[in-house]
Amino acid sequence: MCALLLVLFLCFSSIEGQISILRKSKAEVNEFEPLALMCDTNQPFFRVHEIVWIRNNKTEWISDRYCSHQKESVHYNISCLPYRQYNLTINNVTRFNHGDRWHCRGDNYFQSNDVQVLVKVPISNITLLTEDSYLAVPENKSARLQCVCHGGIPAGQIMWLHDNGTPNDVSDDVVIPENNNETITHKDNTIATKSNVTFKAVAAHIGTSVYCKATNNNVNWLYSKFILITVLLPSSSVEITQPRTASVTAYEKEKCLFECVTSPGLPASTITWYKITNGSEVVLIANGSSITKLNNKTIVSRSWLSLAFSIAEDWTYVYCTANNSVRTLTSRQRNDDSTLAKAAIGLSSVIGTSFVFLIVGYCMIKKIRSLK
């Protein structure tokens with residue numbers, strides 16, 4: 001009898017406090033799929049009365065040794081191999097279960113290790129944060145862009161790319177190194193990733209695009225919209241090309257044609273005409289304008305104006321300005337480096353010429369009479 005008691009004492013002493021093993025059927029589980037937790041007691045000769053399932057340090061479920069007489073649950077399914085393995089299956093794992101910690105306990109004798117539920121949720125969308133479908137940046141200046149992907153577990157990985165003007169061919173796209181990124185975890189355990197990049201615009205980028213893409217499984221990628229790059233190139237000069245001389249003589253009420261032309265730039269320039277007479281400046285309305293697109297996608301802007309002058313407008317100055325949202329330029333005089341270039345208009349008229357002849361004739365008649 002004493003020997004039997006000694007054996008039972010040794011058995012209970014060796015069993016109490018032992019750790020059973022808790023395993024998962026999958027290391028990671030896709031959202032809305034089941035996940036089985038398997039509690040191995042490894043004690044075939046010890047009769048467990050109940051198995052307690054504990055989630056995040058709170059009792060979630062209790063089952064008896066035979067897994068019989070279980071209350072119904074839409075969340076869990078219980079099964080077992082008595083005295084050896086007890087299973088709890090989470091029927092529908094969601095993103096809210098991500099990070100849950102489970103362990104099992106058999107009566108007061110078995111305490112398992114912890115296992116953590118890891119749920120995989122694909123990212124739901126990606127957004128390139130710009131208000132417009134194009135990015136306008138002055139040449140050799142930089143713009144800061146931000147891309148955000150939402151709804152994923154684990155966090156999404158964002159990649160920036162520069163398309164070289166071939167949107168249907170991604171093989172030649174160039175990766176743009178990102179500056180930094182940050183993650184934000186929401187209440188449903190999904191993670192938003194923000195990525196920032198600084199893009200420096202040069203003339204070669206005209207007509208190309210920037211976009212971002214993201215994945216959190218390295219298989220399925222989501223793409224943002226493409227942002228067209230508009231490189232703002234200021235025209236280097238604007239000048240009056242017609243007439244070709246620095247001054248012109250205009251007859252009264254006869255029209256003179258003026259033309260103003262810019263050097264190549266982007267976008268097209270708006271040309272404005274001005275006239276200064278006796279210190280008074282007025283804005284003129286052009287008769288027409290045109291643009292010429294060059295092979296390098298820059299634009300030459302032209303404007304023309306037809307003016308008639310009166311004798312009161314003798315020595316009138318005409319000039320033009322050009323603005324393309326990057327810089328405003330003023331036409332320059334051809335015979336010096338004045339920044340306010342003016343085409344001088346010296347006026348002569350039929351009336352003025354007749355008056356000159358009248359004065360000359362009067363002087364000749366007076367001289368003839370004095371000789372007599």
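Nothing in this text is a laboratory measurement; each read-out follows from the coordinates by a stated rule. The structure presented is a predicted model; accordingly, all values stated were derived computationally and were not measured. Note: ideal-geometry Cβ built from the backbone for every residue, glycine included; neighbour counts use all protein chains shown.
Mind checking the full-extension length gain between Thr185 and Gln111? Use 0.36 nm per residue of separation minus the Cα-Cα distance, one decimal, nm.
Values: separation 74, 0.36 × 74 = 26.64 nm, distance 3.18 nm.
Stretched fully, the Thr185-Gln111 segment lengthens by 23.5 nm.
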**Modelled FRET efficiency - R0 35 Å, Glu313 with Ser236, Cβ distances, 0.05 increments** = 0.65
**Request:** Mind listing the long-range amide H neighbours of Asn179? Cut-off is under 5 Å, sequence gap 5 or more, other chains count too, H placed in the peptide plane at 1.01 Å from N.
**Result:** Asn196, Val197, Thr198
**Item:** Radius of gyration and Dmax over the Cα atoms of segment 218-325, both given in Å
**Value:** 20.0, 80
**Message:** Exceeding 22 Å between C-alpha atoms, which entries from my cross-link table qualify? They are Lys213/Lys293; Lys275/Lys297; Lys24/Lys213; Lys255/Lys275; Lys120/Lys213.
**Reply:** Lys213/Lys293; Lys275/Lys297; Lys24/Lys213
**Request:** Grab the beta carbon distance between Lys194 and Glu254, set R0 = 51 Å, and tell me the FRET efficiency rounded to 0.05.
**Result:** 0.15
